[in-house]
Amino acid sequence: MSAITSDMLLQSLANAITLGSLYALVAIGYTMVYGILRLINFAHGEIFMMSMYFAFYFVTAAMLPWYLAFLFAIACTGILGIIIERAAYRPLREAPRISLLISSIGVSYLLQNLAVVLFSGIQKQFPPVAMFQDVITIANVRIQKLSIYVPLITAVLVIVLLYLVNKTKIGMAMRASSKDFETSRLMGINVNRVIAVTFCIGSVLAAVGAIMWGLKYPKIEPYVGTLPGLKCFIAAVIGGIGNIKGAVIGALLLGFIEIFIVLFFPALSGYKDAFAFVALIVILLVRPSGLVGEKIANKV
Amino acid sequence: MIKVENLCVNYGGIEAVKDISFEVPEGEIVTLIGANGAGKSTTLRTITGLVKARSGSIKYMGEEILGKDTVSIVSKGITLVPEGRRIFPDLTVLENLKVGAYLRKDSLEEDIEWVYSLFPRLQERHWQLGGTLSGGEQQMLAVGRALMSRPKIMMMDEPSLGLAPLVVKDIFDIIKEINKRGVTILLIEQNANMALHTADQGYVMETGRITLSGTGKELLENSAVKEAYLGK
Ligand SMILES: Nc1ncnc2c1ncn2[C@@H]1O[C@H](COP(=O)(O)OP(=O)(O)OP(=O)(O)O)[C@@H](O)[C@H]1O
Ligand SMILES: [Mg+2]
C-alpha cells in the first residue's frame with residue numbers, strides 16, 4: 001500500500017459517503033418491511049430496477065423534463081410497492097411466514113422477467129442530467145456534483161422518515177402494528193393501510209436511490225437491481241434488521257468498507273462485491289442481532 | 001346494550017362456544033365466570049370481530065355487529081382489555097395511552113389526566129417503554145389505554161390476573177369507578193368472588209355453554225357456584 005495521498009483519502013471519503021447513502025435509501029425499505037411483516041422482501045431489488053426503467057421511459061418516451069420524469073417515476077414506484085403488497089402479500093396475512101418469503105421470491109422473478117419482456121434484455125443508458133453529473137473540484141478532490149447531492153438528499157429523507165415514524169400518528173400506528181396486529185386493530189388501527197403505507201414509503205425511498213444510482217452508474221438492464229438489492233439487504237442485517245437507524249449505519253459502513261478496502265488493497269478490487277458478504281458473516285458471528293439490535297424483549 | 005343470541009364459534013373442528021345467549025344492559029357491570037377453556041375469551045374476541053363466529057347474532061344497541069371487521073366495531077364505542085394485557089412494548093407509556101385514542105380527533109388532555117388520577121403510577125412512568133413496566137403496571141396501562149377511546153362499553157379479560165391481592169382490590173374499585181362514569185362493563189374473571197361482589201349480573205360458562213345466570217348476589221349464594229368457583 002504505497003503512497004496514498006491525502007487527496008486520495010478525501011476522494012475515497014466522498015465516494016464512500018455517496019455509495020453508503022445510496023445503499024441506505026434501499027436498505028431502509030428492507031428494514032421497514034421486515035419490521036412490520038417480518039418479511040425479507042426479495043422483490044425490493046426489482047422495485048429498485050423498475051423505478052430506473054420508469055425514469056428512463058418518462059424521459060425518453062414521454063419526453064418529460066428530468067425533474068418531472070423523476071417525480072413521476074418515484075410516484076409510480078410507490079404505487080408499484082402498494083400493488084405488490086396488495087396482490088402478493090396481503091392474501092397471505094394469516095399464512096406461515098415462509099409462504100410470504102416464497103411469494104416475494106416469486107414477485108422478484110416475475111418482475112425481472114416482466115422487464116425482459118417489456119423492456120428487452122438489451123442494456124439501456126440512464127438519461128444523463130448535467131446538473132448532477134458535472135464534475136467540480138473542491139480542495140483537489142474532483143467529484144461529481146452528485147456526490148454532494150446524494151448524501152444531502154439521503155440525510156433529509158432519513159430525518160423526515162424518522163420524524164414520521166417517531167412523532168406522527170401514522171408512525172405510532174406503524175410501530176404499534178409492527179409488534180401486534182390484533183391489538184392494533186383493537187385500537188382502531190387499519191393495519192392493512194399501515195402496511196400499504198410502509199410499502200409505499202420503502203418503495204419511494206428505493207426509487208430515489210435507484211434514480212441517483214442510475215445517474216452515477218448509468219446502465220439499466222432487468223438484473224440491475226439484484227446486486228444492489230442483496231447488498232442493501234446485508235446492510236440492513238448488519239445494522240440490525242427492523243431498525244431504521246441501524247439500516248442507515250449498516251449502509252454507510254458497507255459503503256466505507258467497499259471503497260476503502262479497494263483504496264488500501266487495490267489488488268482486491270476484483271472482489272469488491274464480495275466484501276458485503278464477508279461483512280455479513282462477520283456480523284452474524286459476532287453480533288447476530290446487528291449493530292443496533294432490538295432494544296427490549298417482550299415481557300409477558 | 002349488547003345482546004348475544006345463539007352464538008356458536010368453532011376453531012377448526014373444536015366447538016369453543018356452543019349456542020350461548022346473554023345480555024349486557026346499559027350502565028351495568030356484567031361478569032362472565034368459568035373454568036379454564038370454557039370459552040370466555042373466545043366470546044369477547046368474537047364480539048370484537050377478532051374471531052369469526054359460525055352462527056348466531058351479536059347486537060350492539062340494536063345493530064347487528066357480527067361479521068363486521070374489528071376496526072368498525074371498536075369505532076362504535078366497544079373496547080376490549082385483552083387477555084395477557086398486550087400493551088405495546090416499544091411504545092412509551094404515554095404513547096400507549098395515545099394509541100388507545102387512535103380513532104379520536106379531539107383533545108386527549110382531560111382523558112390522560114383522568115387515567116393518571118386512576119393510576120398515578122402511570123404518570124410517574126409516562127416516559128418509560130411499555131415493555132419495561134412490571135406486570136401489574138402493564139395491566140393498569142392496558143386498562144388506561146382502553147379508557148382512552150372513551151368507550152361506551154368496556155370488556156375486560158381477566159384484569160386481575162397476576163396481581164397482588166391488594167392491587168386486585170384496587171382494580172375492582174377502579175372498575176366500579178369507571179362504571180359510575182357511565183361506562184358499561186363486561187368482565188371476565190377467574191376471581192369469581194370479587195367479580196360477583198362487583199357485578200350486577202353474572203353468567204357462568206362451562207365448556208362452551210352458559211349454565212347459570214343471575215344477579216351477582218344470587219350466584220354468590222348458589223351452591224353449585226360456591227362449590228365450583230368459590231372453593232367452599
Ligand atoms: N386459536 C385457537 N385455535 C384452536 N383452539 C382454540 C383457539 N383459541 C382457543 N381455543 C380453544 O377454545 C377453547 C376456549 O378457549 P378460551 O380462550 O375462550 O377459554 P377461556 O374461557 O378464556 O379460558 P381461560 O380462563 O383459561 O382464559 C379452549 O379449549 C381452547 O383450547
Ligand atoms: Mg381466557
Handout entry: Members of the range A:45-70 found to be among the aliphatic types (A, V, I, L, M) and over 21 Å from the mean Cα position of the chain (by Cα), listed by number
Key = A:V59, A:A61, A:A62, A:M63, A:L64, A:L68
Exercise for the section: Could you tell me which residue of the range A:157-189 is farthest from the other protein chains (Cβ to nearest Cβ), considering only residues that are outside any helix (DSSP H, G or I) and surrounded by 18 or more Cβ atoms within 10 Å (Cβ to Cβ)? Expected result: A:S178
Exercise for the section: Count, please, the residues in the range B:68-84 that happen to be farther than 20 Å from B:I188 by Cα and more than 7 Å from chain A (Cβ to nearest Cβ). Expected result: 4
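Table: residues versus (1) of a type in the set (D, E); (2) more than 8 Å from ligand 1 (Cβ to nearest atom).
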{"site": "B:K3", "(1), (2)": "no, yes"}
{"site": "B:C8", "(1), (2)": "no, yes"}
{"site": "B:G12", "(1), (2)": "no, no"}
{"site": "B:V17", "(1), (2)": "no, no"}
{"site": "B:I20", "(1), (2)": "no, yes"}
{"site": "B:P25", "(1), (2)": "no, yes"}
{"site": "B:E28", "(1), (2)": "yes, yes"}
{"site": "B:T31", "(1), (2)": "no, yes"}
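Which residues, counting only those in the range B:69-88, are surrounded by fewer than 20 Cβ atoms within 10 Å (Cβ to Cβ) and touching a strand residue (DSSP E or B) at 6+ places or on another chain (Cβ under 9 Å)?
B:K76, B:G77, B:E83, B:G84
Suppose the filter is within 14 Å of another protein chain (Cβ to nearest Cβ) and in contact with a strand residue (DSSP E or B) (Cβ under 6 Å, 6 or more places away or on another chain); does B:L44 pass it?
Criteria met by B:L44.
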Handout entry: Scope the range B:40-98; condition away from ligand 2 (no atom under 16 Å from the Cβ), part of a loop (DSSP other than H, G, I, E, B) and touching a helix residue (DSSP H, G or I) at 6+ places or on another chain (Cβ under 9 Å); matching residues
Key = B:G49, B:K52, B:A53, B:I65, B:L66, B:D69, B:I87, B:F88, B:P89, B:D90, B:L91
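To keep it simple, each residue is scored yes or no on (1) assigned to a helix (DSSP H, G or I); (2) in contact (Cβ under 8 Å) with a residue 60 or more places away in the chain.
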site	(1), (2)
A:V208	yes, yes
A:G214	yes, yes
A:L230	yes, yes
A:A235	yes, yes
A:G242	no, yes
A:I261	yes, no
Handout entry: Subset of the range B:161-200 that is within 16 Å of ligand 2 (Cβ to nearest atom) and crowded, with 21+ Cβ neighbours inside 10 Å - its residue that is farthest from the other protein chains (Cβ to nearest Cβ)
Key = B:A192
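None of the figures in this text is laboratory data; all of them are computed from the coordinates on show. Because the structure is predicted, anything quoted here is derived from the model rather than measured. With ideal geometry, Cβ positions are generated from the backbone for all residues, glycine too; neighbour counts draw on all protein chains shown.
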